[in-house]
Amino acid sequence: MDQQKLIALLMQREYVPGEWLSAQLGVTRDGVRKAVEELRQAGWAVESAQGRGYRLVAPENAVWPSRIRARLRTSWAGRRIDYFDQTGSTNQIARELGAQSPELAPHGTLVVADEQTAGRGRMDRTWQSRPGASALMSLLLRPRALPPAEATNIVLIAALAVCDACRSFGADALIKWPNDIVCGGKKLCGMLLDMSADMDVVRFAVVGVGLNISDCPRSPELTHAGCLEEAAGCALDRAEVIARFLEAFERYYDLWVQSGPPAILAPYAARCVTLGSRVRVAGLNDAFEGEALRVTPDGSLAVRTDDGLETIVRAGDVSVRGVMGYV
């Protein structure tokens, strides 16, 4: 029997009925009992309860599906969760799931990992994380009739959701346009949006989130990185952080679908440290400074330059005075 498959099945729920395991594994109930005993002998803590089934005892602070689901109150976000001890990129796995049918990988499928070896951020930057210290996840979305030009709103929704999740633990988190989460001038989180689209419609989108929870990368190049526990002033359960992110994301996403971009722009603006601040914009071909005015309905940033002109920034590096080293 494939022990890894059995472990993955046991991670899915708090208690897993033996009959269901038997059907999933294609073995008898006695075969399930023997396989569970082999896991115990290999060092796994597996409990059994009459009438309930088997329970794989999770390590403290694990991000197993069963631990996230036990804390989750959503209708569709995170209803399917795929967990990996280690993977190259959760976004890549979510993209592969997106290419499958919606029946196999539905809207709201979450991919979560303890460790990423090839995580990416905006502008193809490397995202570093220590195993077991971050929330590393990607959410698969299947929007209905969404033009590609409007998909950037998903980034704003994700930023709002992470910001709200951080604030729910007492951290004074804010958003640095478009999707960096900062607190005390340090960056706690980065995000990346991938999508597959035809000319006029998005087939699926994947929003990847890397949130430093109990530790942050330490290197000369990352002096402005921070972590949520430091910002909140208390120890946190990663599964609880992920559950709160999913709940906030579902709430804002549904609001956006029902009422359009204005419904999310107001709360986004209220949390955006960029707006009203002195900014420095570095694009592909030029750089300029000015004052950030507002976020447009398509998620772009309106900036008044020093010569009094208003320009729309759709991409590029935007530094905010007083945040992450810009003085």
Task: Residue check for residue 198: within 25 Å of residue 91 (Cα to Cα) and not aliphatic (A, V, I, L, M) - done: yes
TODO: Kindly provide the set of residues from segment 282-292 that are under 21 Å from residue 186 (Cβ atoms) and free of Cβ contacts under 8 Å to residues at least 60 places away in the same chain, ordered by number.
DONE: 282
Task: So residue 264, is it in the same structural domain as residue 151 (by TED's automatic domain parsing), in contact with a strand residue (DSSP E or B) (Cβ under 7 Å, 6 or more places away or on another chain) and either assigned to a helix (DSSP H, G or I) or modelled with pLDDT under 95 (or both) - done: no
Open item on the list: When you scan segment 40-57, do you find a residue that is within 19 Å of residue 114 (Cβ to Cβ), out of contact with any Ser or Thr (no Cβ under 7 Å at 6 or more places or on another chain), modelled with pLDDT of 85 or more and assigned to a helix (DSSP H, G or I), even just one?
Closed with: no
Task: Qualifying position, being more than 30 Å from residue 229 (Cα to Cα), surrounded by 17 or more Cβ atoms within 10 Å (Cβ to Cβ) and out of contact with any Lys or Arg (no Cβ under 7 Å at 6 or more places or on another chain), among 72, 21, 10, 56 - done: 21
- [ ] Inspect all residues belonging to segment 87-107 and state whether any of them is surrounded by fewer than 20 Cβ atoms within 10 Å (Cβ to Cβ), among the charged types (D, E, K, R), at pLDDT 90 or above and under 30 Å from residue 193 (Cα atoms).
- [x] yes
Open item on the list: Looking at segment 269-276, can you tell me whether even one residue there is assigned to a strand (DSSP E or B) and within 14 Å of residue 164 (Cα to Cα)?
Closed with: yes
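The values are calculated or read from the model by the stated rules, or taken from the named source; none is laboratory data. Since this is a predicted model, take the numbers as computed values, not measurements. Neighbour counts run over all protein chains shown; Cβ positions are idealised from the backbone, glycine included.
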